Every structure is written in structure tokens, then in C-alpha cells.
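Reading through the C-alpha cells given below for one structure.
The values are calculated or read from the model by the stated rules, or taken from the named source; none is laboratory data. Here the structure is a predicted model, which is why all the values come from computation and not from measurement. Here the Cβ is made from the backbone with ideal geometry for all residues, glycine too, and neighbour counts use every protein chain on show. Ligands, DNA and RNA are excluded from the accessible area calculation, which covers all protein heavy atoms including side chains. Shrake-Rupley method; radii C 1.70, N 1.55, O 1.52, S 1.80 Å.
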Amino acid sequence: MIALYRFLFLIFLIVLWWVISLNVRANFIPSPWATLLAAQKLLADGKLIVALGDSLITFAGGYALGILVAIPVGLVMGVFLPVGKTLEIYVYALAAMPRVAFIPLIIVFLGLGFPAKIFIVFLGAVMPVLINTYAGVLAVDQELIEMARSVRAGRMQIFARIVLPSAVPFIIVGLRLGATIALINTVVAELYTAVRGLGGLLAIYGNTFRMAEYFVIVIVLAIIGVIVSEGLRHLEKRLVRWKTSD
Amino acid sequence: MTSGNSSGEAAAAASAKIVLSGVSKAFERRNSGTPTMALQHLDMSVPEGHFVSILGPSGCGKTTVLRLVDGLVPPDSGSVVVAGQAPRPGPEMGFVFQAFRLIPWATVQANVEFALTATGLNKHERAERAARYIALVGLQRFAQSYPGELSGGMKQRVALARAFASEPSILLMDEPFASIDAQTRELMQVELMKLWAQHRATVLFVTHSVDEAIMLADRVVLMSPRPGRVIEEIEVDLPHPRWQYDIRATPRFVELRSYLWAAIKDLVLNDPSSDFYAPTSGNAGTPAD
Ligand SMILES: Nc1ncnc2c1ncn2[C@@H]1O[C@H](COP(=O)(O)OP(=O)(O)O)[C@@H](O)[C@H]1O
Ligand SMILES: [Mg+2]
């Protein structure tokens, strides 16, 4: 039922888009039909696939690196509280700072290629995952830990059976936020460093007013966003199926 | 095991399974400098194989007594001795916590198995033992359910199964039947009496209910709040097994019950921080009763 409504809403959006495209000067908003033709062309000459590949490498590389750093650091900060209390102020400061400010510095050290792009994505993804992992460990129910102590469970067992599972829902929230920022930063990186990938095409088509092609890229980015967040939602369903709320 | 007739308080204390002497315990309060005195100079001893009920209003330190006995927290002063040693948490003592404390992301089976972690049983034996105790509390059909899918009474039974599963020689039970409906409670009380008759663990049983305290115990310890201390100990000299007769109808039960009620009422009415505070010398303005 919901799927049907979603589909109907999609039709509505496309019709709305079409109506707007008819009423705005044709060059600025392409019609859905023109966009579809542009997509076919971009697919046929391979430009879209190459750009998509570039962007996915940047996105996946930076996001994965972010997760690989953020989850262990967040866990260590939460489990060893003096470490957490020492570092948290710096973590929050860094998270609150607009990290595009680092881009010139990153270019100086890493150049304009993939390493720089991946690092920019990494910087965006790492903070939300780290902060949520840390918060998840801190939110563990102390009464459950005392229960575990009362049956003489070891430290590793308490960590694996109580602390980590209780942090999982928080970590997933972090992964969601991290994925969103990683995608944004993928485009940002491709605009500010060597112009490549979907962000690069966005710049090229935007600057030359090829709006049909430009719209194709925007839609592809939106689809990537949807796929990633749906994937995380499924992961969440699998990992926290003990929650009876749905 | 039993050393014949032990006469005299000292000999009784020496052979007791659980001995608290001169125990004080304070807790830091988050938003004020002065700590809460949870317990002050508390003496209590429980002979091996005895069932002792602890009765008293909220905040008088009943939970703290159990945590001290389990070795989860140390006393500030005084000593806690369990089976001749300083207590150490583990499967030799079963703890039924006030609010269940089940692991939400573990099935009923896994929750009970978790309590067997440090028993030395292998994986297969742990699974078998857990299944046996889950069946004992009548939840075999729910072994693969998560706590979130169970009613309050069922969660309580899981908590009991978990505490019993390691077949501990000491049971610490913190208001285990407080949150279940009256019918289930009656049945669970009988179940507990039967289990206890078989295993004869040493039991410390915290409750709010005067009837429950008398019905289950060999002795009722009455505690008073601020600071927490023992103000009265009463032997319950009613014959076991008590599920075989209507204990509430015996004159001795009625007598004990009215005596304890009077004592508790006094306690509550004379406690300045209770909602029912009404100094006996002049109760003007207080909407008592
Ligand atoms: N972990 C704790 N931190 C701070 N105060 C506590 C803690 N545990 C108990 N207390 C305080 O100690 C007193 C006794 O508590 P408790 O043993 O839980 O009483 P009871 O179980 O009889 O209701 C209460 O005033 C309570 O607020
Ligand atoms: Mg309590």
C-alpha cells in the first residue's frame, strides 16, 4: 500500500516537474523527457559510468576509512572514560568546524587526486560516526552491567554482550549521518580538487547551462543517497530486530 | 554440616552463612555535597539454609544490603562475611533484581545461559541447564522470544529462572513479585516455596508486603529508613511446608501480621520525610488516611 502511494507521489513529482519546465524559460529547467534523452546519451557514450565509478570510489573509500577509524576510537573513548573525557572536547570542536576550511591544506599535502578526495570525504564521515559511537557506549544501562558483574562475566564478555549491542542503534544513526555528509563531501571534493566524477560533470554542465545533463547528474546523486540510506535501514533491521516497536 | 545444638548468639553468628556486622554505607549525591547514609551500623546474620525476609519502606537500604552481600559494592565500614569470606559476585549467589535486568537483545534462552558464564559448564551443558530452568518456570514456548515480547509476569519468571539456573547456595531476591498481578504472585510464591524446599538455599528476600514476608520466611527483619538500620527481628514459627495449608488462616499468622503492620505504621508516621508524616503529638493539618 505504502509502496503504491510512494509510486503515485513519484508520478506527481514528475508531473509537477514537467509543468514547471513548461512555465519556466526552457533553458533553465529541462523537461523530464529531455532529461531522459540526455541520460540515454550520457549512458551511451560512457561518460556517466566513468564519472559514477570515480565518485563511488571516492565516496566508498572515504566513508569506509571514516568508519574504520571512528568506530574503534569511539569505543575506546567510551570504554576508557578518562580517554573519552580528555578527547571529547577536541572531537566536538572539530565536528562543529566547517571542514571545507581544510581543503586548501589538504591539497597542499595530498595534491588533487584520489588521496585528497578520499581524505575530504573521510573528514566528513568520521565525526558523526565517532560521536554517536561514543554516545552509544556512554548510554549503556549501568544496571545491566551490574547484573553481568553479579554472574561474574569477564570484561571482554561485558563488552561483547552488553556494551557493544547497546551501542549498535547509536552507531547506525552515526553511519546514516556519516553517509549523508560523505556524499556531500564527495561532490565538494570533486568540485574543489581535480574536477572529476559526478561532481565534475555537475560543474561542467552547470557552467555551460546544459541543464538536461545537469539534471541527470542531480538525479543520479539522489539515487545514490536513497540506495545507501535504504541499505543502512536494512542493516539496522537485521541488527536490532529485538526491538519490538515495529 | 550442622554442628548440633548451637546455643548462644555468638555461636549462631559464627555458623551463619551471611554475617553483616556494623555495616555502614553512604552514597554520593549528584547535586548536593552531603552523601546519603543508606545504612548505618547494620547487624544481620542469616544461618545456612534459612529464609529471611527483609521488610521496610522504600529507601531504607534493602537493595543496598543485597548488593553488599553479593559483593557488588563494598561497605564503607564494618564487615560483610559470606560463607566465611569476603563476598565475591558469581554464580554461587543468584540475584533477582528489582527491575528484572534482562538483556533486551538476547533471547530468553540466551539470557538464562548468560548467568551460567562462570559456572565451568560447557556450552552444551549451559544450554541444557538453561532450558531446564526455563521449563521449570513454564516458559519453554518462549525460549526463543526476546524480553520485549513478554509480559511483566513472564519477564519476572525469566529473572527467576536466571537466578536459579546456576543452582546457587545463596539467593538474593529484591522485591521479585512486586510488579506482577496478584494471581500470578500467589502461584509464584508457592513455586518459590517448593523450589526452596528442594534446594534449601540460604535466602535473603526483600519485600514490601507484610503477608509475603511472613508467609515465606523463617525470620522477618524489619528495617527503618534514614539512616537504614534493623529495628526488629521476628522469628516466624509456623511449620513448613506452608503451601499445604492455608497459612493466612492460622492465629499465629494473624498475630504476626497485625504486629508487623503496627510497627510499620509507626515507622512511616514518624518519618519526617515520608508522605504520611504525622507526629503523634499533634496531627493538625495533615490529611492522614
Ligand atoms: N547507587 C546509588 N547512588 C546514590 N544513592 C543511592 C544509590 N543506591 C542507593 N542510594 C540511596 O540509598 C538509600 C537506600 O537505597 P536502597 O538500598 O535502594 O533502598 P530500598 O531498596 O530499601 O528502597 C536511598 O536513599 C537511595 O536514594
Ligand atoms: Mg530497592
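Does the range A:82-92 contain any residue that is away from chain B (no Cβ under 14 Å), open to solvent by less than 50 Å² (accessible area, probe 1.4 Å) and under 28 Å from A:Ala189 (Cβ atoms)? There is at least one residue in the range A:82-92 that is away from chain B (no Cβ under 14 Å), open to solvent by less than 50 Å² (accessible area, probe 1.4 Å) and under 28 Å from A:Ala189 (Cβ atoms). Would it be correct to say that B:Leu72 is within 16 Å of ligand 2 (Cβ to nearest atom), within 11 Å of chain A (Cβ to nearest Cβ) and assigned to a helix (DSSP H, G or I)? In short, no. Within the range B:162-177, residues that are within 16 Å of ligand 1 (Cβ to nearest atom) sit with their Cβ atoms under 6 Å from residues that are assigned to a loop (DSSP other than H, G, I, E, B) and open to solvent by 10 Å² or more (accessible area, probe 1.4 Å), at 6+ positions apart or across chains, in these pairs: B:Asp174/B:Gln98; B:Glu175/B:Gln98. Across the range B:35-46, the qualifying residues are those that are part of a strand (DSSP E or B) and within 16 Å of ligand 1 (Cβ to nearest atom), and the one among them that is surrounded by the fewest Cβ atoms within 10 Å (Cβ to Cβ) is B:His41.
Residues that are buried (at least 22 other Cβ atoms within 10 Å of the Cβ) and in contact with a helix residue (DSSP H, G or I) (Cβ under 8 Å, 6 or more places away or on another chain) number at least 1 in the following helices (runs of 4 or more DSSP H) confined to the range A:135-246: A:142-150, A:164-192, A:197-207, A:211-239. What's the total number of residues in the range B:59-69 that are more than 14 Å from chain A (Cβ to nearest Cβ) and among the β-branched types (Val, Ile, Thr)? The total comes to 1.
May I ask you to verify whether B:Glu212 is touching a residue at least 24 places away in the same chain (Cβ under 8 Å), away from chain A (no Cβ under 14 Å), within 16 Å of ligand 2 (Cβ to nearest atom) and farther than 21 Å from B:Pro241 by Cβ?
No; evaluated as a whole, the condition is false for this residue.
Please tell me if B:Ala26 is among the small types (Gly, Ala, Ser), under 28 Å from B:Ile264 (Cα atoms), surrounded by fewer than 21 Cβ atoms within 10 Å (Cβ to Cβ) and within 14 Å of another protein chain (Cβ to nearest Cβ). Answer is no for this residue.
Taking the conditions exactly as written (of a type outside the set (Ser, Thr, Tyr), within 24 Å of the chain's Cα centre (by Cα) and over 30 Å from A:Val15 (Cα atoms)), does A:Phe80 satisfy them or not?
Considered against the rule, which asks whether it is of a type outside the set (Ser, Thr, Tyr), within 24 Å of the chain's Cα centre (by Cα) and over 30 Å from A:Val15 (Cα atoms), A:Phe80 comes out as no.
If you go through the range B:50-69 and keep only what is under 22 Å from B:Gln189 (Cα atoms) and either more than 13 Å from ligand 2 (Cβ to nearest atom) or over 16 Å from the mean Cα position of the chain (by Cα) (or both), you end up with B:His50, B:Phe51, B:Val52, B:Ser53. Restricting B:Gly59, B:Gly49 to those that are touching a Lys or Arg at 6+ places or on another chain (Cβ under 8 Å), under 14 Å from B:Ala83 (Cβ atoms) and either in a loop (DSSP other than H, G, I, E, B) or open to solvent by 20 Å² or more (accessible area, probe 1.4 Å) (or both) reduces the list to B:Gly49. For the range B:51-82, the set of residues classified as over 16 Å from B:Gly94 (Cβ atoms) and more than 15 Å from ligand 1 (Cβ to nearest atom) consists of B:Ser77, B:Gly78, B:Ser79, B:Val81, listed by residue number. Within the range B:167-189, one or more residues are out of contact with any Phe, Trp or Tyr (no Cβ under 8 Å at 6 or more places or on another chain), within 14 Å of chain A (Cβ to nearest Cβ) and more than 27 Å from B:Gly61 (Cβ to Cβ).
Considering only the range B:158-168, I want to know if a residue exists there that is within 25 Å of B:Pro87 (Cβ to Cβ), open to solvent by 20 Å² or more (accessible area, probe 1.4 Å) and acidic (Asp, Glu). Yes, the range B:158-168 contains at least one residue that is within 25 Å of B:Pro87 (Cβ to Cβ), open to solvent by 20 Å² or more (accessible area, probe 1.4 Å) and acidic (Asp, Glu). Based on what the data block shows, is B:Ala110 within 14 Å of chain A (Cβ to nearest Cβ), part of a loop (DSSP other than H, G, I, E, B) and of a type in the set (A, V, I, L, M, F, W, C)? Spelling it out, it is not the case that B:Ala110 is within 14 Å of chain A (Cβ to nearest Cβ), part of a loop (DSSP other than H, G, I, E, B) and of a type in the set (A, V, I, L, M, F, W, C). B:Ser32 satisfies every condition listed in (1) in a loop (DSSP other than H, G, I, E, B); (2) of a type outside the set (A, V, I, L, M, F, W, C); (3) at pLDDT 90 or above except (3). The residue that is nearest to the other protein chains (Cβ to nearest Cβ), among those in the range B:85-96 that are in a loop (DSSP other than H, G, I, E, B) and touching a strand residue (DSSP E or B) at 6+ places or on another chain (Cβ under 9 Å), is B:Pro89. The condition (being within 13 Å of chain A (Cβ to nearest Cβ) and over 21 Å from the mean Cα position of the chain (by Cα)) is satisfied by just one residue among B:Ala99, B:Ala143, B:Ala131, B:Ala118: B:Ala118.
Whenever a residue of the range B:29-55 is touching a residue at least 40 places away in the same chain (Cβ under 8 Å) and farther than 30 Å from B:Leu238 by Cβ, its partners that are assigned to a strand (DSSP E or B) and within 16 Å of ligand 2 (Cβ to nearest atom), lying with C-beta atoms within less than 7 angstrom and at least six residues away or across chains, give the pairs B:Ala38/B:Lys25; B:Ala38/B:Phe27; B:Ala38/B:Gly228; B:Gln40/B:Gly228; B:Gln40/B:Arg229; B:His41/B:Arg229.
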